[in-house]
Number of protein chains: 4
Amino acid sequence: MKIRDIKTIEERRKFIEKKVKRSLSAIKVYPQGLEAAQFKNCENMIGAVQLPLGIAGPLMVKGQLVKGEYYIPLATTEGALVASVSRGCKAASLSGGVKVITRNIGMTRSPVFKTSGIEKSIVLESWLKNNFSRLQKIAQNTSAHLQLLKIDASIAGRNIYVRFYFDTEDAMGMNMATIATQEVSQFIEKETGAECISIASNFDVDKKPASLNFILGRGRKVWAEALIERKIVAEVLKTTPEKIHEVAINKCLIGSAMSGSLGFNAHFANIISAIFIACGQDAAHVVEGSLGITTTDIVDSNLYISIYLPDLAVGTVGGGTNLPSQKEALSILGISGGDGGENARRFAEIVGASVLAGELSLLAALAEGSLASAHQKLARNK
Amino acid sequence: MKIRDIKTIEERRKFIEKKVKRSLSAIKVYPQGLEAAQFKNCENMIGAVQLPLGIAGPLMVKGQLVKGEYYIPLATTEGALVASVSRGCKAASLSGGVKVITRNIGMTRSPVFKTSGIEKSIVLESWLKNNFSRLQKIAQNTSAHLQLLKIDASIAGRNIYVRFYFDTEDAMGMNMATIATQEVSQFIEKETGAECISIASNFDVDKKPASLNFILGRGRKVWAEALIERKIVAEVLKTTPEKIHEVAINKCLIGSAMSGSLGFNAHFANIISAIFIACGQDAAHVVEGSLGITTTDIVDSNLYISIYLPDLAVGTVGGGTNLPSQKEALSILGISGGDGGENARRFAEIVGASVLAGELSLLAALAEGSLASAHQKLARNK
Amino acid sequence: MKIRDIKTIEERRKFIEKKVKRSLSAIKVYPQGLEAAQFKNCENMIGAVQLPLGIAGPLMVKGQLVKGEYYIPLATTEGALVASVSRGCKAASLSGGVKVITRNIGMTRSPVFKTSGIEKSIVLESWLKNNFSRLQKIAQNTSAHLQLLKIDASIAGRNIYVRFYFDTEDAMGMNMATIATQEVSQFIEKETGAECISIASNFDVDKKPASLNFILGRGRKVWAEALIERKIVAEVLKTTPEKIHEVAINKCLIGSAMSGSLGFNAHFANIISAIFIACGQDAAHVVEGSLGITTTDIVDSNLYISIYLPDLAVGTVGGGTNLPSQKEALSILGISGGDGGENARRFAEIVGASVLAGELSLLAALAEGSLASAHQKLARNK
Amino acid sequence: MKIRDIKTIEERRKFIEKKVKRSLSAIKVYPQGLEAAQFKNCENMIGAVQLPLGIAGPLMVKGQLVKGEYYIPLATTEGALVASVSRGCKAASLSGGVKVITRNIGMTRSPVFKTSGIEKSIVLESWLKNNFSRLQKIAQNTSAHLQLLKIDASIAGRNIYVRFYFDTEDAMGMNMATIATQEVSQFIEKETGAECISIASNFDVDKKPASLNFILGRGRKVWAEALIERKIVAEVLKTTPEKIHEVAINKCLIGSAMSGSLGFNAHFANIISAIFIACGQDAAHVVEGSLGITTTDIVDSNLYISIYLPDLAVGTVGGGTNLPSQKEALSILGISGGDGGENARRFAEIVGASVLAGELSLLAALAEGSLASAHQKLARNK
């Protein structure tokens, strides 16, 4: 008897309970509707894992689509995170809020083709340019919600790494991109004789940290900024703009340089993982969300702070976004389903603002020297 | 009225429901015992987000502590992942299982100190060496479960980046490490006159992708390997050792080189995020888990495959490991609470074997050309 | 008395001889014509340093402009290098020669501008696109040999990093690019109000190793390849295609991955530094020439080898190319002065082919186990 | 007739002159004594290439071994470089000079061994530790000037990358290290049964840019610093400490972060290549010298500036150091031959101080906006 031959969640869980001789009574707790996940989200489903959901904010967000105060849903098991982001939200909101701008780079998928040599690789590269609209059509036949935006390519000998950029509207789009790439790649093989070694070649770069994504972007690029008044830095964050600026330079810039890092920030990954899990995003994309840079400046004795996320993969349809509580978490942000790409953009704006709030608060805690005591108070490994 | 002034989960959720004018009935579903998370894991808790939990395996693991067949709990919303890892488990287990070796590098925390110049920076570096046992004592006074193992330092002008390595037994240990670092840093300031700019300086490197962690390791280093018989590659994975080897070279090695990546693997992050969320780990550490390398070789016409995780941050106590379903997920692996560091090691062994199963299956799918169709069948962005 | 106030090479050398109380009789040896270098190439000139010039080859080069056998001038003080490259030339030439393809990416220069915030940074980025032809005109007014090809930009908060790509014909072009960038940047400041913080911002990236240059290229991209017959591998290189392939995978790919390297090759820098110094190139650009990847494959039991140089900065006019012996070294390659960009391209083709010869020979020596003995025989640190 | 069969420089040059139908009268100009280079430094030698040698300074150096004013010999063909470094020397010297500290990390060489699997790889790693003194003896039998200092190792599956650190006294030592590694590797093969795939595995990392070298160092680590008085910044450098600090942050830190660079500096490579070529160093090591970081700070309204070179490979014996004019260039620095490692250290101190002078001057030129005009005046691509 194999678990994949069992047909219901209940029976699968019992099968495992028997195998491991333990009761799994907590895993069986989940809201109505989640059981459908076994068909689309999670094979061999035996129940659910529940992560505590906290609320940071309200945060005043001044995006291009989203304007106003937002409560930020964060699913985390790491004490102090929600409180810290909340503090950042407060300081930013009192200073007028966080301005956010996003840009849709597109979800990428990168096959690698093998040719007979560099001449043929170059020929294939040209062929891709010359046949862009044909490839577009083939790609777009695979989904009404997908558009091929651009093709980059890079050649190393017989290998040509092709990077397709797809607009996938409100979907994160990795699956749509994969399916479209498959079709397009078969067409390329047939037309050119090049052999597709793999439709995913790490030139995407999906779920791996990479300079390529930092430099060219993937998913959406997000910039956010706020100007925190000196008085508010003192009152809310218990420190000064100069001290925060000093920590930012010595930690986010020099510290990251000294460690050969691609993350020139304080803790993007913390905020992104919490909001991603809350809102049904793919948690493995936190890897890409950890890329980016936080900058600070002293402007008229106030603190200017900005974050830049070059590689944010988000969606408001597909993946886990339709699961019961994830859908509700998105609804807390006023987001529901698809809207021609605008909902994913709204979500990206809120993520960007939240990340800025998180950076601000942690940098201030480090400047003030309160990080350890916050953790001692709010979370103990005991 | 602020959310942080509200005292119960129920009332907080109602507060948010009112604010956003939406019912959050799914978020209120969670097992008994999870409500305690509001005090240790998640401030402003309003309920829970439930992720579907699937089971891959069984997987024959031949670790140093763990030996036998394991069912792997994976919390994911990305269709096809559990099925794919399961297929890898089958191929590996039929071939005799996955051998795993781990090494405890220690959880690291890195303050940065400012001195008056390079001479003083060098003096401080020597002082750290000469006072190692004093620093050890101070660190160890902060917890009975923590031991200072080693100190590295790196100097840039007036800045000295100090990297403390702590054995934190079965805890992932970031909080313990932070608290110990705080104490130690204050002692250093007092004794040497150097100023601690920040007790966390990105030389840790916590939750950022970095060569430093790849090269020196963090948390635990994990190596796993399997020799997959040619016949099993054909029958279970529908391809050949040579084709998998070719994909591995052109994707994991050359493809990652071409993209300036620190992840020379197929999709470590997918498996690690799913098992981390299932088992109460810190999801932001997936960033570090995405580092590493997959190697393949043809050995007597069979497929040798290995994975190397230089930077795996895991724990079986603290964090989310004590939450109801996470605790149960760990119990599926036969792991419960602390065991002087051995349970965290057991868990690391299982993670390593699971990652190998995931790599094997995806590389095979790419070699065979079935990635897109698996996704088309099992997960659709619709 | 300061050295810069002295007017002749002779008197400056005497001034230094007196200061250091040593005779500098070798430094005064240089050919007629080199003394002009004091006005254009080297301030405070006191004479010359002579590097031994060796000849590798002949090498059969099959470029797009260059076809035929070439003797490769290499200025080096490291014994065994010329002999090693020569061996590679022999093996490649006997196998039909080295095919080379180049592409002119353009010399880049990158100012960084400071704006009042992300909105203005985005506006400036758009302005650059919309005013491209105006900027082109301004750039091109600074030199008849320069053309602005493209502009890339990347934004982090108030900072916008702008990367200008210039066709500089046969000049390496860094100075021309700097002068043009100065003019263009002043125009941008005047028209947009953005402040130019620095006309060189490390987004160029000039003489620093960087993923940006690896991924997008700088100067010229060069690909070269050869198919070395099994018999020739045995006879000339004393090893087998399989052994070379194994070394290439384990050294150039896995070894470089393990060390966080941007150079996935055996020793590009050795060949490039020797040919650059011989031919009057800027030796600091060896840094950029060290980027790139060597790939190998077994094709019908023969050895396929390719090299990819993404970032080769070369010129045949300007810099040191007009100095007496450097000019002669270029003439050995049949190259003299400018030819509308084609001479620099010819030179790039020969450099690419030479690098391949060097890679082939070293990989073979490592496969065969003869590296140390070659060095013992040809160069001793005694 | 092959060039390698010809026995004299003169005849080889004539052979090439005939082949290329050009006179090579400049190449034949070189000082007495250089002809010996054909036996140790450069096979197939046909003469010499002469690079103009300029003098920067004097520079007040306050090293641990070297104290006093030095004239810095720079061999370069890039106009403006000597003048720029000189300006930096002046500003630094007027402010009391440049403090320098070096540390001998050792020259590294890294074989890669193949084992039967991870268990054996781990066993081999232990064996290396346990047999350190035996390996030391074997290494030291190969030269009286070499000592094995340390062994690092890193494992990926069947591959174990071993990094030997050698003290090579006053030699740069790559050849000595290779020969010693060869002996040691053969011993390891014999004793353990592991197969040495290549005695150089890119884990050295020789002449490739790599985080490993940045983080752990190679050759010598060098730190230098100076405090430049505000008045001197104004008078000599025509700008302010604040402006230089701003350029340093936005160029060397943020700019390098944005470009995925391993060089967080302004132009280390320029100074290092010029002093390396002048003083008979291996020019390909400029690649490694380009790694590192420049930091600035405002201290009591003056400018603090530091440079950190983690990877400086230098020698005062062997390589090109004994060639006539290179020997003289070293003598300008008061350095001649070997001194138990102290001469190489003296040279490293002077290189470090010179690099700082170069950084200071370029950052000031960028801050002041004079880079392009300096180049227009001093060097034209015409």
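Look at B:L262 and say whether it is in contact with a strand residue (DSSP E or B) (Cβ under 6 Å, 6 or more places away or on another chain), at pLDDT 95 or above and aliphatic (A, V, I, L, M). Please lay out each step first, then the result.
Working: in contact with a strand residue (DSSP E or B) (Cβ under 6 Å, 6 or more places away or on another chain): no; at pLDDT 95 or above: yes; aliphatic (A, V, I, L, M): yes.
It is false that B:L262 is in contact with a strand residue (DSSP E or B) (Cβ under 6 Å, 6 or more places away or on another chain), at pLDDT 95 or above and aliphatic (A, V, I, L, M).
Can you report the number of residues in the stretch D:280-335 which are free of Cβ contacts under 8 Å to residues at least 60 places away in the same chain, more than 19 Å from D:L74 (Cβ to Cβ) and not β-branched (V, I, T)?
Of the residues in the stretch D:280-335, 3 are free of Cβ contacts under 8 Å to residues at least 60 places away in the same chain, more than 19 Å from D:L74 (Cβ to Cβ) and not β-branched (V, I, T).
Please verify whether D:S93 is more than 11 Å from chain C (Cβ to nearest Cβ) and either of a type outside the set (V, I, T) or more than 21 Å from the chain's Cα centre (by Cα) (or both), treating the condition exactly as stated. Walk me through it before giving the result.
Working: more than 11 Å from chain C (Cβ to nearest Cβ): yes; either of a type outside the set (V, I, T) or more than 21 Å from the chain's Cα centre (by Cα) (or both): yes.
Judged against the criteria, D:S93 is a match.
Would you point out the residue of the stretch C:323-360, among those that are on the phi > 0 side of the Ramachandran plot and open to solvent by 20 Å² or more (accessible area, probe 1.4 Å), that is nearest to the other protein chains (Cβ to nearest Cβ)? Give the steps one after another, and end with the answer.
Applying the first criterion (on the phi > 0 side of the Ramachandran plot) to the stretch C:323-360 yields C:334, C:337, C:340-341.
Applying the additional criterion that residues be open to solvent by 20 Å² or more (accessible area, probe 1.4 Å) yields C:334, C:337, C:340.
Working: C:G334: 7, C:G337: 12, C:G340: 15 Å.
My answer is C:G334.
Looking only at residues in the stretch A:195-214 that are of a type in the set (A, V, I, L, M, F, W, C) and more than 7 Å from chain B (Cβ to nearest Cβ), which one is surrounded by the most Cβ atoms within 10 Å (Cβ to Cβ)?
Here the answer is A:F214.
Would you mind stating whether C:I118 is more than 29 Å from D:K40 (Cβ to Cβ), open to solvent by 10 Å² or more (accessible area, probe 1.4 Å) and among the β-branched types (V, I, T)?
Working: more than 29 Å from D:K40 (Cβ to Cβ): yes; open to solvent by 10 Å² or more (accessible area, probe 1.4 Å): no; among the β-branched types (V, I, T): yes.
No; evaluated as a whole, the condition is false for this residue.
Right, B:S143: open to solvent by 10 Å² or more (accessible area, probe 1.4 Å), assigned by TED's automatic domain parsing to the domain that holds B:Q281 and in contact with a helix residue (DSSP H, G or I) (Cβ under 8 Å, 6 or more places away or on another chain) or not?
Details: open to solvent by 10 Å² or more (accessible area, probe 1.4 Å): yes; assigned by TED's automatic domain parsing to the domain that holds B:Q281: no; in contact with a helix residue (DSSP H, G or I) (Cβ under 8 Å, 6 or more places away or on another chain): yes.
No: the conditions fail for B:S143.
Conditions tested, residue by residue: (1) buried (at least 24 other Cβ atoms within 10 Å of the Cβ); (2) under 16 Å from A:A364 (Cβ atoms); (3) not hydroxyl-bearing (S, T, Y).
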{"site": "A:A234", "(1), (2), (3)": "no, yes, yes"}
{"site": "A:S259", "(1), (2), (3)": "yes, no, no"}
{"site": "A:N270", "(1), (2), (3)": "yes, yes, yes"}
{"site": "A:C279", "(1), (2), (3)": "yes, no, yes"}
{"site": "A:S290", "(1), (2), (3)": "yes, no, no"}
{"site": "A:D297", "(1), (2), (3)": "no, yes, yes"}
{"site": "A:D300", "(1), (2), (3)": "no, no, yes"}
{"site": "A:L303", "(1), (2), (3)": "yes, yes, yes"}
{"site": "A:L309", "(1), (2), (3)": "yes, no, yes"}
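Taking the stated definitions as given, is D:L74 touching a Leu at 6+ places or on another chain (Cβ under 8 Å) and not assigned by TED's automatic domain parsing to the domain that holds D:A344? It would help to see each step written out before you state the result.
On the way: touching a Leu at 6+ places or on another chain (Cβ under 8 Å): yes; not assigned by TED's automatic domain parsing to the domain that holds D:A344: no.
In short, no.
Using the structure shown, decide if B:G315 is in contact with a strand residue (DSSP E or B) (Cβ under 9 Å, 6 or more places away or on another chain), on the phi > 0 side of the Ramachandran plot and not basic (K, R).
Values: in contact with a strand residue (DSSP E or B) (Cβ under 9 Å, 6 or more places away or on another chain): yes; on the phi > 0 side of the Ramachandran plot: no; not basic (K, R): yes.
Considered against the rule, which asks whether it is in contact with a strand residue (DSSP E or B) (Cβ under 9 Å, 6 or more places away or on another chain), on the phi > 0 side of the Ramachandran plot and not basic (K, R), B:G315 comes out as no.
Taking helices (runs of 4 or more DSSP H) that do not extend beyond the stretch D:234-326, which have at least 3 residues that are within 17 Å of the chain's Cα centre (by Cα)?
Working: elements: D:241-247, D:268-278, D:286-289.
It comes to D:268-278, D:286-289.
Can you name the residue in the stretch A:13-30 that is open to solvent by 10 Å² or more (accessible area, probe 1.4 Å), in contact (Cβ under 8 Å) with a residue 12 or more places away in the chain and within 7 Å of chain B (Cβ to nearest Cβ) and is also nearest to B:E17 (Cα to Cα) among such residues? Reasoning before the result, please.
Taking the stretch A:13-30 as the starting set, the residues that turn out to be open to solvent by 10 Å² or more (accessible area, probe 1.4 Å) are A:14-15, A:17-23, A:25, A:28-30.
Going one step further and asking which of them are in contact (Cβ under 8 Å) with a residue 12 or more places away in the chain, we end up with A:15, A:28-30.
From the residues that got through so far, the ones that are within 7 Å of chain B (Cβ to nearest Cβ) too are A:29-30.
Details: A:V29: 22, A:Y30: 20 Å.
Once the filter is applied, the top-ranked residue is A:Y30.
D:N104 passes all but one of (1) open to solvent by 10 Å² or more (accessible area, probe 1.4 Å); (2) within 30 Å of D:I232 (Cα to Cα); which number fails?
Unmet for D:N104, out of (1) open to solvent by 10 Å² or more (accessible area, probe 1.4 Å); (2) within 30 Å of D:I232 (Cα to Cα): (2).
What tally of residues in the stretch B:154-178 results from selecting those that are closer than 25 Å to B:R346 by Cα, buried (at least 23 other Cβ atoms within 10 Å of the Cβ) and charged (D, E, K, R)?
Qualifying residue count, the stretch B:154-178: 2.
Does any residue in the stretch A:101-120 that is more than 12 Å from chain C (Cβ to nearest Cβ) come within less than 8 Å, Cβ to Cβ, of a residue that is in a loop (DSSP other than H, G, I, E, B) and open to solvent by 20 Å² or more (accessible area, probe 1.4 Å) six or more places away or on a different chain, and which pairs are these?
Short answer, once both residue conditions are applied: A:M107/A:M172.
Scan the stretch A:75-117 for residues that are hydrophobic (A, V, I, L, M, F, W, C), assigned to a helix (DSSP H, G or I) and out of contact with any strand residue (DSSP E or B) (no Cβ under 6 Å at 6 or more places or on another chain) and report the count.
Just the residues of the stretch A:75-117 that are hydrophobic (A, V, I, L, M, F, W, C), to begin with: A:75, A:80-83, A:85, A:89, A:91-92, A:94, A:98, A:100-101, A:105, A:107, A:112-113.
Within this subset, residues satisfying the condition of being assigned to a helix (DSSP H, G or I) are A:81-83, A:85, A:89, A:91-92, A:94.
Within this subset, residues satisfying the condition of being out of contact with any strand residue (DSSP E or B) (no Cβ under 6 Å at 6 or more places or on another chain) are A:81, A:83, A:94.
Result for the stretch A:75-117: 3.
Away from chain A (no Cβ under 12 Å) and open to solvent by 40 Å² or more (accessible area, probe 1.4 Å): which single residue out of C:T181, C:T192 fits that description?
Numbers: C:T181 fails: open to solvent by 40 Å² or more (accessible area, probe 1.4 Å).
Sole residue among the options that is away from chain A (no Cβ under 12 Å) and open to solvent by 40 Å² or more (accessible area, probe 1.4 Å): C:T192.
The values are calculated or read from the model by the stated rules, or taken from the named source; none is laboratory data. Since the structure is predicted, the reported quantities are computational estimates derived from the model, not experimental observations. Reconstructed Cβ throughout: ideal geometry from the backbone, glycine too, with neighbour counts over all protein chains shown. Just so you know, the surface numbers come from the protein's heavy atoms only, side chains and all, with ligands and any DNA or RNA stripped out. Shrake-Rupley method; radii C 1.70, N 1.55, O 1.52, S 1.80 Å.
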